[in-house]
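Inspection log for the structure reproduced underneath, given as structure tokens.
The values are calculated or read from the model by the stated rules, or taken from the named source; none is laboratory data. Bear in mind that the values here come from a model prediction, so they are computed numbers and not experimental data. Here the Cβ positions follow ideal geometry from the backbone for every residue, glycine too, while neighbour counts run over all protein chains shown.
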């Protein structure tokens, strides 16, 4: 099965970044500075990537889109969870 190494490297870079963001939110319970619109657009982009893989170029790389999309979704859910619990928000001075 053929796939693009550049696409794999691109997705792997993001696959390393999202767990860092998730771990920080879990550790600090602070989501200040995160944008739900931004994360929603990223999820939408991953959905479009999955659709493209399913309809035009199915290969194993599709699962990296699924993995990344799932991690961004988890980060988005953490945003909503912690942003609705003011007791969990720490004072962040700008």
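Quick notes
- Conditions (1) on the phi < 0 side of the Ramachandran plot; (2) at pLDDT below 95; (3) surrounded by fewer than 16 Cβ atoms within 10 Å (Cβ to Cβ); number of the one not met by residue 40: (2)
- The one condition in (1) surrounded by 13 or more Cβ atoms within 10 Å (Cβ to Cβ); (2) assigned to a helix (DSSP H, G or I); (3) more than 11 Å from the chain's Cα centre (by Cα) that residue 18 fails to fulfil: (3)
- For the stretch 29-43, a tally of residues being touching a helix residue (DSSP H, G or I) at 6+ places or on another chain (Cβ under 9 Å) and either farther than 13 Å from residue 72 by Cβ or in a helix (DSSP H, G or I) (or both) returns 9.
- Enumeration of residues in the stretch 27-37 that are exposed (fewer than 12 other Cβ atoms within 10 Å of the Cβ) and at pLDDT 95 or above: 27, 37
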